[in-house]
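One structure is given below, encoded as C-alpha cells.
Laboratory data are not the source of any read-out in this text; all were calculated from the coordinates shown. Quantities reported herein were computed from a predicted structural model and do not represent experimental measurements.
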Amino acid sequence: MLNKNVIDEINSKVSDILQNSPAKDIEKNVKVLLSGAFTRLDLVTRDEFDVQQEVLQRTREKLIILEGKVAELEDKLGLTEAQTPDVEVTGQTKET
C-alpha cells in the first residue's frame, strides 16, 4: 500500500497543476456563461419549488375533503347528479 504522505503529495501536486492551468479559467468562464443563461430562463430555486409543491399538496388534501363533504350533503338532500343545479361562480343558478 502507498504511504498516506505520498498520496497527499500527489494530490497536492495535481491540484497545483490544475490551479495554474487554462482549465481553471475555462471552468470559471463556463460557470459565468451558464449562470447568465439560467438567469434569462426565469427558473425557480429548489426551495421555491419545494414550497409550491407543499402548497399544492395541502390544496389537494383540502379539495378531497371538500368533495367528500359536497357528496355527503348531496346524499342527505337526495340529489342525484342530474338533479344538481348548474351554479355559476357568483353562486346564482343559471336560470336566474
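Taking the alpha-carbon distance from Lys24 and a cut-off under 23 Å, which lysines remain once sequence neighbours fewer than 8 residues away in the same chain are dropped?
Qualifying lysines at Cα under 23 Å: Lys13.
Give a residue-ordered list of calculated ³J(HN,Hα) values for region 59-69 (Karplus: 6.51 cos²θ - 1.76 cosθ + 1.60, θ = phi - 60°; whole Hz; x for Gly, Pro).
These are the phi-based 3J(HN,Hα) values: 5, 4, 4, 5, 4, 4, 4, 5, 4, x, 5 Hz.
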